[in-house]
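Shown next, in structure tokens, is the structure this report addresses.
The values are calculated or read from the model by the stated rules, or taken from the named source; none is laboratory data. Note that this is a predicted model, so its numbers are computed, not measured. A quick note on method: Cβ atoms are made from the backbone with ideal geometry, for glycine too, and the neighbour counts reach across all protein chains shown. With ligands, DNA and RNA removed, areas are computed over all heavy atoms of the protein, side chains included. Shrake-Rupley method; radii C 1.70, N 1.55, O 1.52, S 1.80 Å.
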Amino acid sequence: MKTPVHQITTTLTRYGEPDWLFLETLETLAAQDNIKMKVLVLDQKESIEVSKFCLENSSPDIELDYHVIPAKSLSFARNEAIRLCTTDILLYIDTDALAHKDWAAGMTNAMLTEKAAIAGGQIVPKWHRKTNFLHKSKVVLDQYSMLELGEETKIVAKVVGASFGLNIRLLGDLAQFDENLGRKDGKLLGGEETELCALATEAGLKIIYVGNAVVQHQVLPERLTFSWIAKRMYYGGYSRALRGGKPAPNNAVDGFSIYDYLALALLLPFYVIGYVKAKWLRYRVAPRSGIVFLYKRFHPIVLGADVHGYNLAKSLDSLGYEIFVAHTQNDGFTKSLKKPKNWLRALLYSKTAYLRISLKHPYTVNSIGLFFKLLGKKLVLEFNAPFEELGFDVQQQELMNRGKKHFKFLLRFTDGIVTVSDALKQHLLQEYGYSNVVVIPNGGEKFDEKTFNSYSPEPKLESFYLTFPKRIIWVANFEYIQGLSEAQRLSEQCSNNHIGLIIVDNSVNGELAKSFSGEHVYFLRNPSRDEIAYAVSHSMAGIAYYDMQKYEDLGLPFYNSPLKIYEYLANGLCVITNLSEQDIPHTYGRLIPSNSISDLEHLLSGNGANDTYRSWKEAALETELFLKSLSHKTGRLP
């Protein structure tokens with residue numbers, strides 16, 4: 001039987017809820033109409049009964065995909081669903097919510113029609129015991145995750161966790177939940193979806209309420225008690241303190257009723273106690289160590305420096321560090337120093353200012369680094385190329401001299417330097433007498449469909465892919481040090497073997513195109529990051545040629561740690577190059593010397609046998625180790 005194409009993904013998880021409750025929700029999902037979907041059943045308490053139900057009740061349109069995951073938190077489970085999701089639309093439903101038959105279709109159709117990044121559905125109660133006056137209060141209904149704003153679709157500020165959906169493609173890097181929030185270990189923490197909505201709003205994305213996508217939220221007898229509601233209010237205040245901002249009731253669009261005022265009189269003290277306790281704990285102990293990460297800018301990704309900055313900062317964030325940056329960036333994880341509260345947090349919780357040298361703006365990010373040094377923080381410089389590199393362009397002599405002078409000044413205050421190669425480490429010792437240097441080569445970003453899912457190749461490029469099923473890519477970022485003549489010879493071989501050659505051309509005036517001809521060559525002129533990711537992912541080998549004579553003319557050894565090589569390797573490509581394993585570490589025997597490519601057809605047929613690569617997480621772990629090891633003395637020789 002042909003496997004159905006899953007239009008969307010839906011997910012639910014349970015921490016300690018009983019099987020019967022879990023199964024009731026699964027029954028409603030298995031009975032959804034007018035939709036094809038995979039249901040990610042993420043169980044934090046393994047159950048043979050639930051696993052068996054999923055196997056027996058999957059259908060060609062609805063696949064119930066059972067997974068057992070670590071029992072950590074609701075936010076962890078939600079992030080795990082994002083990781084496993086292979087579709088644009090991902091719907092979330094609580095374990096104790098019963099979906100109407102057209103819930104999934106209604107949510108999906110509204111999100112696609114309205115081009116919404118986040119959507120919430122209507123949530124109505126199913127009481128399991130007689131209620132009292134408290135349960136008529138909109139404030140109390142909020143604690144039960146109810147949301148009743150009518151039958152229409154409308155724009156809203158936030159959604160409720162019992163029933164909501166994400167368009168992962170539109171959200172991009174924002175599609176993740178703060179694991180400091182969300183229910184865990186019996187604590188009724190919440191607000192993680194509210195925080196995501198706030199970030200989406202800041203990024204200019206659309207959030208909607210879908211009135212015809214309805215679920216019934218089951219309220220069990222033990223949750224109808226005053227003690228449960230009070231506990232929920234306490235953790236409501238606690239969660240609000242963690243994420244900041246002001247309380248905003250979900251259902252009080254028409255104002256408060258007498259029942260709301262009575263409920264507030266009884267329950268507000270519990271909310272206040274939770275809020276005050278969280279605030280006290282938050283400022284008593286820093287939730288995360290911080291790093292003031294001083295790049296001129298690295299998002300959106302345009303240049304190689306952006307690739308390095310973004311991936312290193314993102315990996316350090318995943319290790320638990322707060323990343324403070326000089327500029328506002330919609331990357332989903334950094335905190336801008338343009339906001340006063342982030343300055344305060346950086347001063348309180350950061351131990352290090354990590355500075356990539358900026359020549360064009362020395363009195364912005366460089367000055368911020370010195371400011372934090374004067375306040376007792378460690379100052380670490382990132383040094384990725386000698387200033388003599390500017391000698392490749394005779395018009396840059398003045399900038400080169402100014403850069404060296406400024407760098408010597410910064411060295412007086414520097415606690416350590418991170419560089420990318422042994423050659424640069426030696427250069428720092430010989431040229432500047434500086435020895436407290438660690439070599440941390442670049443990493444490679446592994447692309448998947450989520451990386452470039454907002455990109456659709458032009459018809460001309462799709463036609464090229466069909467014409468040339470075997471393809472090689474050359475990311476020629478800086479043409480003046482690239483091995484142009486070697487690339488031209490390889491192009492001739494490609495033509496003779498009916499192999500496509502994709503050239504990423506970032507030359508100033510598109511001059512690189514004048515050096516190549518033939519139907520087998522396709523130029524990507526100043527492409528976006530998504531375009532490069534797509535092209536690399538759809539190639540079989542990558543080119544990394546360098547003009548060694550240019551380095552010799554300037555009296556420099558080859559000193560680079562080419563991003564392109566690690567990126568090729570991360571995505572399963574072999575690398576055709578005139579460099580050796582001694583020049584580039586961590587390449588795991590997948591460099592193909594340019595003098596041994598006489599049989600390109602045979603070379604490409606063996607591609608993919610080794611998928612080991614150096615990741616950015618490895619680079620981040622090595623960076624973390626160096627930052628922790630810094631001593632009080634500098635590395636300057638006596």
(message) Residue by residue through segment 483-488, what is 3J(HN,Hα) from phi via Karplus (6.51 cos²θ - 1.76 cosθ + 1.60, θ = phi - 60°)? Round to whole Hz and write x for glycine and proline.
(response) x, 4, 5, 5, 5, 5
(message) Quick check for you: with a 1.4 Å probe and neighbouring chains kept, what is the accessible area per residue of the chain, in Å²?
(response) 45 Å²
(message) Using a 1.4 Å probe on the protein heavy atoms only, what accessible surface does ILE89 show? Give it in Å² to the nearest 10.
(response) 10 Å²
(message) If I take the Cα coordinates of segment 1-140 and project them onto the principal axes, what are the three extents in Å, biggest first?
(response) 54, 40, 26
(request) Run the quick spin-label model on THR328 and VAL302: label points 7 Å from Cα toward the beta carbon, then report their separation in nm to one decimal. (result) 1.8 nm
(request) Give me the number: length gained by fully extending LYS277 to LEU466, i.e. 0.36 nm times residue separation minus the C-alpha to C-alpha distance, one decimal in nm. (result) 61.8 nm
(message) If I fit a long axis through the Cα atoms of helix 226-243 and take the longest principal axis of the Cα atoms of the chain, what angle between them do I get, 0 to 90°, rounded to 10?
(response) 20 degrees
(request) Pop out the ³J(HN,Hα) list for segment 404-414 in order, Karplus 6.51 cos²θ - 1.76 cosθ + 1.60 with θ = phi - 60°, rounded to Hz; leave Gly and Pro as x. (result) 5, 5, 5, 5, 4, 5, 5, 4, 5, 10, 8
(message) Can you give me the angle between helix 19-30 and the longest principal axis of the chain, using Cα atoms only, in degrees from 0 to 90, rounded to the nearest 10?
(response) 70 degrees
(request) Apply 1/(1 + (r/R0)^6) to the Cβ-Cβ distance of LYS130 and LEU84, taking R0 = 41 Å, and write down the FRET efficiency to the nearest 0.05. (result) 0.50
(message) Can you give me the solvent accessible area of LYS446 with a 1.4 Å probe, rounded to the nearest 10 Å²?
(response) 120 Å²
(request) Would you mind getting the Kirkwood hydrodynamic radius of segment 92-233 from its Cα pairs, rounded to one decimal in Å? (result) 15.7 Å
(message) Apply the Karplus curve 6.51 cos²θ - 1.76 cosθ + 1.60, θ = phi - 60°, to the phi angles in segment 298-309 and return the couplings in whole Hz, x for Gly and Pro.
(response) 9, 8, x, 6, 10, 10, x, 4, 5, 4, 4, x
(request) Using only Cα atoms, tell me the angle between helix 103-114 and the longest principal axis of the chain; keep it within 0 to 90° and round to the nearest 10. (result) 50 degrees
(message) Between (i) 40.3, 133; (ii) 26.7, 96; (iii) 28.2, 87, which entry matches Rg and Dmax of the Cα atoms in Å as derived from the coordinates of this structure?
(response) (iii)
(request) Using amide H atoms built 1.01 Å from N in the peptide plane, name the residues 5+ places from PHE256, or on other chains, whose amide H lies under 5 Å from its own. (result) none
(message) Probe radius 1.4 Å, ligands and nucleic acids ignored: give me the carbon and sulfur share of the accessible area of segment 1-87 as a rounded percent.
(response) 53 percent
(message) Amide H of HIS327 versus every other amide H placed in the peptide plane: which residues, excluding those fewer than 5 positions away on the same chain, fall under 5 Å?
(response) LEU337
(request) For GLU56 and ARG169, compute 0.36 nm times the residue count separating them, minus their Cα-Cα distance, and round to one decimal in nm. (result) 37.5 nm
(request) Hey, can you grab everything whose amide H is under 5 Å from the amide H of THR95? Only 5+ residues off in sequence or another chain; H modelled, so Pro and N-termini drop out. (result) THR13
(message) If I compute solvent accessible area with a 1.4 Å probe over the protein chains, what percent of it on segment 365-439 is carbon and sulfur?
(response) 51 percent
